[in-house]
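Just below is one structure, and these are the notes that go with it.
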Amino acid sequence: YLYRAVDQPEMTFSFKIFGKGQPRTLSEVLPKLEHMGVKVIHAHPYVIHQTGSLGQWIIDFVITIDTNVSLEGYAIKERFQEAFNQIYQGQVDDDSYNQLVLLAGLNWREVTLIRAIGKYLSQIQVPFSQAYMQETLAGNAQLTRSLMHLFDARFNPDETADEQRQSLLLDSIHQTLDQVKNLDEDRIIKHFLTIIQSMLRCNYYQTDINGSTPDYLAFKLDPCQIP
């Protein structure tokens, strides 16, 4: 549960984790938070003893968040909590792509999409490490968010393949790319853009009769469009 107490300094927040059974150690939880782009100032673990039931526990963290992040406008508080829960339960990879939840305003499924593209780029031997790609996307959060918007404009059934929106987004992406001074970062972002443009179909927006999404991602790509 993420919140800010009245007496806490700006960009400082409290984050409580609740659990049952064997208490988690700080060393198990700290890397997950750090991969999400927050700095842990201190942490206090508590154990609640109840007769005849599994023990309950709380870890109360005090964290700081990047000054460029606003918890308003993108429902980031809820997205952060949901993403952490998915990571904590082992449903989402624990890596630095997860900092895009705060920096780019993405939810955990959108981060999973970006991660999948990054892993595919490694498979086709793009000469950049996952760590460098993660750092680049986090450092160019506006472009990363625009890439996700482009994907949405192409494949979201509610958008019905909005050609005008795609065109405007592409113009905006290319204009922002002109301001990227590092050549390698420019190349990395263009690789992600190329993969999104080369996608023919995907299951990202597919749901079953209960409205649940698949627990895997599938994409069909046109390799002729990938250099």
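The values are calculated or read from the model by the stated rules, or taken from the named source; none is laboratory data. Keep in mind it's a predicted model, so treat the numbers as computed, not measured. Virtual Cβ from ideal backbone geometry, glycine too; neighbours counted across all protein chains shown. When the accessible area is computed, the model is the full protein with side chains, heavy atoms only, and any ligands, DNA or RNA have been set aside. Shrake-Rupley method; radii C 1.70, N 1.55, O 1.52, S 1.80 Å.
Summary of computed values
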{"quantity": "Residue tally, condition outside any strand (DSSP E or B) and open to solvent by less than 50 Å² (accessible area, probe 1.4 Å), over the range 1-22", "calculated": "4"}
{"quantity": "Single match in Arg115, Arg145, Arg165 (criterion: touching a residue at least 12 places away in the same chain (Cβ under 8 Å) and in contact with a Gly (Cβ under 7 Å, 6 or more places away or on another chain))", "calculated": "Arg145"}
{"quantity": "Search result, residues across the range 150-177 that are at pLDDT 90 or above and among the basic types (Lys, Arg)", "calculated": "Arg154"}
{"quantity": "Some residue of the range 60-71 being among the charged types (D, E, K, R) and either assigned to a loop (DSSP other than H, G, I, E, B) or more than 25 Å from Ala131 (Cα to Cα) (or both)", "calculated": "yes"}
{"quantity": "Members of the range 148-186 that are part of a loop (DSSP other than H, G, I, E, B) and crowded, with 17+ Cβ neighbours inside 10 Å", "calculated": "Val180"}
{"quantity": "Lone qualifier among Ser198, Ser212 - being without any contact (Cβ under 8 Å) to a residue 40 or more places away in the chain, surrounded by 14 or more Cβ atoms within 10 Å (Cβ to Cβ) and among the hydroxyl-bearing types (Ser, Thr, Tyr)", "calculated": "Ser198"}
{"quantity": "Filter result for the condition that a residue is within 15 Å of Leu103 (Cβ to Cβ), out of contact with any Leu (no Cβ under 7 Å at 6 or more places or on another chain) and open to solvent by 70 Å² or more (accessible area, probe 1.4 Å), over Glu28, Glu34, Glu82", "calculated": "Glu34"}
{"quantity": "Residue that is nearest to Leu183 (Cα to Cα), among those in the range 107-134 that are of a type in the set (A, V, I, L, M, F, W, C) and outside any helix (DSSP H, G or I)", "calculated": "Phe128"}
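This table checks each residue for (1) open to solvent by less than 40 Å² (accessible area, probe 1.4 Å); (2) over 10 Å from the mean Cα position of the chain (by Cα); (3) modelled with pLDDT of 95 or more; (4) not polar (S, T, N, Q).
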position	(1), (2), (3), (4)
Leu100	yes, no, yes, yes
Leu113	yes, no, yes, yes
Lys119	no, yes, yes, yes
Gln125	no, yes, no, no
Phe128	yes, yes, yes, yes
Met133	yes, yes, yes, yes
Thr136	yes, yes, yes, no
Gln142	no, yes, no, no
